[in-house]
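Written below as structure tokens is the structure these notes are about.
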Amino acid sequence: MNSTDRPDDLPPTPDHSINRRQFVGRTAAAAGGLALGSGLLAACQKKAPALSTGPLRISNWPLYIDKQTVPDFQKATGITVQYTEDVNDNNEFFAKIEEPLKRGQSIDRDVVVLTDWMAGKMIRLGYVAPLDDTKFPNRGNVAESVRNVDFDPGRKYTVPWVSGMTGIGYNPKKTGREITSINDIFDPKFKGKVTMLTEMRDTFGLVMLGLGKDPTHCTVDDVKAAAAKIKQARLSGQIRSFTGNDYADDLASGNILIAFAWSGDIQGLAADNPDLKWVAPKEGAMMYSDNMMIPKTSDRQDLAMAWINWCYDPAHSAQIVSGAPYISDVNGAMAELAKRDSTLAKSDLVNPPADLMARLHMFRTLSDDEDSEFNRIFQDAIGA
């Protein structure tokens, strides 16, 4: 496809490496990898099939990878990677890629990483290529807990990048006290210094938990009750803004005091600002996975499968988690992480204990009609 046909809003996939702690729009593409060796083959041997012409183009969220995985993969495989951190919000990213995918055109990406519900939507619309198990020898390392999900039975199209939790991020030195409840975000003391997420399921889920309602079995009335509380807080000026991943910069700098936040972001940011904390509130927290998938229009699906298979090696997954402290869904990764960083391997954010797991909730799967209705209610609540 001609480059002029690509989605205008998708940033180019550049060819230079940059710091992982920069936010949306930064990239971690590295220089060309080492060429694979190509010794002479005996006449009786079959030549390995030639790889597609690269580079491999990946879209992922910010703060979601270590510094070495991309260069290590390039060196080991000879595949050049253009890794772009341009997923800030599921709906926002989908809006950029929907039209070209609908027309069967390239989006200049070979792997994209999106949250469970959006992955399910992409699959239903026929926008995702099935995984090639002949190129996925590490499939057996997919953790049992995520092998069969309702949006992708049998994991034919997706595997988790990592899983994470949505709770509250804050700096106790700034708030002046510990934050223990979801409802602390509505304390007038913090007026204008709090943010919530533009991810409907995360924000509604947490507010519902604060109201004593379970998002795993929520009704439209439960959603309307949460929406009313959010709208009142927005109109009063309690909530400063609704954000994607970009809340992290304001939280780290002290521009905001409390945020609905993703667990790994806060642990990652704490390397630079050790005063930051993430808490699963006493009422509970939300759990989700972000999933790797291959757009059906990718002409480099073999390269994409090489990347997915690489990431499902336990040692490689441990390396990713060492720089992006979320929950690995790769069997054996925690044992490998303990060799690298025994303290991190014991962190509740990476290896949640049973009592924390018992307080985590998944937002229930919605039909297309319910999704539209819930989103209409949410958009009104946040003033979008």
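So here's what we get for this one:
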read-out: Qualifying position, being assigned by TED's automatic domain parsing to the domain that holds Tyr326 and modelled with pLDDT under 95, among Gly126, Gly104, Gly140, Gly120; value: Gly120
read-out: Residues located in the stretch 81-125, provided they are part of a loop (DSSP other than H, G, I, E, B) and surrounded by fewer than 19 Cβ atoms within 10 Å (Cβ to Cβ); value: Asn88, Arg103, Gly104, Gln105, Leu125
read-out: Checking Glu283 against (1) assigned by TED's automatic domain parsing to the domain that holds Thr343; (2) in contact with a helix residue (DSSP H, G or I) (Cβ under 7 Å, 6 or more places away or on another chain); (3) assigned to a loop (DSSP other than H, G, I, E, B); (4) surrounded by fewer than 23 Cβ atoms within 10 Å (Cβ to Cβ), the condition it does not meet; value: (1)
read-out: Residues satisfying the stated conditions in the stretch 154-165, i.e. more than 18 Å from Val321 (Cβ to Cβ) and surrounded by 22 or more Cβ atoms within 10 Å (Cβ to Cβ); value: Tyr157, Thr158
read-out: Total residues in the stretch 186-231, condition part of a loop (DSSP other than H, G, I, E, B), modelled with pLDDT of 95 or more and closer than 26 Å to Asp246 by Cβ; value: 4
read-out: Thr343 of a type in the set (Ser, Thr, Tyr), surrounded by fewer than 22 Cβ atoms within 10 Å (Cβ to Cβ), over 30 Å from Asp214 (Cβ atoms) and touching a Ser or Thr at 6+ places or on another chain (Cβ under 8 Å); value: no
read-out: Search result, residues across the stretch 329-384 that are within 30 Å of Trp310 (Cα to Cα), part of a loop (DSSP other than H, G, I, E, B) and among the basic types (Lys, Arg); value: Lys346
read-out: Failed item, numbered, when Lys156 is tested on (1) within 13 Å of Asn291 (Cα to Cα); (2) modelled with pLDDT under 95; value: (2)
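The values are calculated or read from the model by the stated rules, or taken from the named source; none is laboratory data. Quantities reported herein were computed from a predicted structural model and do not represent experimental measurements. Counting neighbours? That spans all protein chains shown, and the Cβs are built from the backbone with ideal geometry, glycine included.
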